[in-house]
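Undergrad: Here's a structure for you.
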Amino acid sequence: MGGKLTQQIAVDAYAKAEASRLNWIRTHQKDLRVEMYTGLLDHIENRANSEGIKAGKAVILPSSFMGSPRNMQQLYQDAIAIVRKYGKPDLFLTMTTNPNWDEIKENLLPGQSTSDRPDLVARVFNMKVNELLKQIKNDNILGAVVAYVYTIEYQKRSLPHIHMLIILHEDYKPKTTEIIDKYVSAEIPDKEVNPALYDRVLKHMIHGPCGNLNQRSPCMQNDKCMKDFPKPFINGTIANKDGYPVYRRRQAGVIM
C-alpha cells in the first residue's frame, strides 16, 4: 500500500479523530467552564438581535484543543514566561527532514517514494528529534542548557522540520565573536581536513545558484535574492546594530 491511497487514509483518519474531539467539545461545554464567556456571548446575541439576525450557538474551543487560538496563545505565553525567567535565547537551531536518510530509504517498499509514506517520514523524524534533544539537553553538546522551546512545521512537500530556541547557562553564552565562531560557521569546510563535512555542506547547505547566475530561482524577487545571497566576504564575525552577528566568511578561493 502506498501513494495517494495511503495519503487519503491518513487524511481521513485525522479528519475522523478531529471531528470526534470537536464533537466532544461541542457537547461538553458546561464541563469546560465556558460560563466565564457568558458576558461576551450575551453581547454578541444582543448585537445580533438589534440587527435582526440570528447569532446562532457559539462553541468555545478550549486551550486544550491543539491548534486552537487559545492553545496557540497559551503556548506563546509559556514561551514568553520562559524568556522572562531565563533571559533571551542564545541559539536558533533548525533541523529539516532529509528524504535520503537511511532509516527512510531502507523501509520504503519497491517503487515507493518518501511522499508515499508520510507515516514513515514522521516516525523517523520524531526519532531524530528525540535524539537531537537528548544530545542538547543531556549530553550538552552545545553547553549546559537551562531552557528551550521548539515548534515543528511541515513544508509544502510534506517534509517536517523543527525550529528551536536554546537558552544556555551563563557560563556557556556566546558573548564574544570568538565563541560565536565555535558555534556557527558560514564557511566551506576544508576538504583536506574534513572531507565528509565538506561533502555534506556542499550537498545540503549551499544556497542557490541565484542572482545573475539564475534569475528564475524561487528566491528571486524584484531581481534580488530574498535571502540576500551572495553574502559579502568578511574576515571576522561582527555584531550589527540590531545585536545579531554577521558571520565570518573569508575569501578562501573555493570554487564550486
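Quick note: the coordinates plus some simple rules give every number you see, no bench work behind them. A quick note: this is a predicted structure, and the numbers were derived from the prediction, not measured. Backbone-built Cβ (ideal geometry, glycine too); neighbour counts: all protein chains shown.
Undergrad: Taking 7 Å along the Cα-to-C-beta vector as the label spot, tell me the Asn126-Asp139 distance in nanometres, rounded to one decimal.
TA: 2.2 nm
Undergrad: Now, a different point. Helix 4-27 versus the longest principal axis of the chain: what is the Cα-based angle in degrees, 0 to 90, to the nearest 10?
TA: 40 degrees
Undergrad: Here's a follow-up. Can you tell me the length gained on complete extension of the stretch Ala13 to Glu170, counting 0.36 nm per residue apart and subtracting the Cα distance? Could you put the intermediate results ahead of the total?
TA: Working: separation 157, 0.36 × 157 = 56.52 nm, distance 4.63 nm.
Full extension from Ala13 to Glu170 adds 51.9 nm.
Undergrad: What is the projected area of the convex hull of the Cα atoms of the stretch 183-256, averaged over all directions, in nm²? Don't skip to the answer; put the middle values down first.
TA: On the way: hull surface 25.0 nm².
The orientation-averaged projected area of the Cα hull of the stretch 183-256 comes to 6.2 nm².
Undergrad: What ranking do 19-27, 91-99 get when scored by the average of other Cβ atoms within 10 Å per residue, highest first?
TA: Order by mean packing, descending: 91-99, 19-27.
Undergrad: Please provide three numbers in whole Å: the alpha-carbon extents of the stretch 1-124 along the principal axes, with the largest listed first.
TA: Principal-axis extents of the stretch 1-124 (Cα, largest first): 64, 45, 28 Å.
Undergrad: Something else: Work out how much length Lys105 to Lys54 would gain on full extension: take 0.36 nm times their residue separation and subtract the Cα-Cα distance, in nm to one decimal.
TA: On the way: separation 51, 0.36 × 51 = 18.36 nm, distance 5.56 nm.
Stretched out fully, the Lys105 to Lys54 stretch lengthens by 12.8 nm.
Undergrad: Which label belongs to the value computed from this structure, given these candidates for Cα extents along the principal axes in Å: (1) 57, 39, 33; (2) 74, 51, 46; (3) 54, 46, 28?
TA: Recomputing Cα extents along the principal axes in Å here picks out (2).
Undergrad: While we're here: Based on the mean of other Cβ atoms within 10 Å per residue, sort peptides 221-234, 136-149 so the most packed one is first. Numbers along the way, then the final one.
TA: Numbers: 221-234: 11.4, 136-149: 14.9.
Per-residue Cβ counts within 10 Å, averaged per peptide and sorted highest first, yield 136-149, 221-234.
Undergrad: Let me make sure I get this right: for the stretch 54-142, a, b and c are the square roots of the gyration tensor eigenvalues over alpha carbons, sorted descending. Under 1.5 in a/c it's rounded, otherwise prolate if a/b > b/c, else oblate. Which is it?
TA: On the way: a/c = 3.68, a/b = 1.27, b/c = 2.89.
Here the stretch 54-142 falls in the oblate category.
Undergrad: Could you give the length gained on full extension between Lys227 and Leu75, defined as 0.36 nm per residue of separation minus the Cα-Cα distance, in nm?
TA: On the way: separation 152, 0.36 × 152 = 54.72 nm, distance 2.88 nm.
Going from the current span to full extension adds 51.8 nm.
Undergrad: Here's another thing I want to ask about it. Rounded to the nearest angstrom and ordered from largest down, what semi-axes does the equivalent ellipsoid of the stretch 157-218 get from its C-alpha gyration tensor (root of 5λ)? Write out the running numbers ahead of the final one.
TA: Working: eigenvalues 157, 73, 39 Å².
Those come to 28, 19, 14 Å.
Undergrad: Would you work out the charge dipole size for the chain about its Cα centre, treating the Cβ of every Lys and Arg as +1 and the Cβ of every Asp and Glu as -1, and quote it to the nearest 20 debye? List each step's numbers first, then the result.
TA: Details: 35 positive and 28 negative charges, 83 e Å.
In total the dipole reaches around 400 debye.
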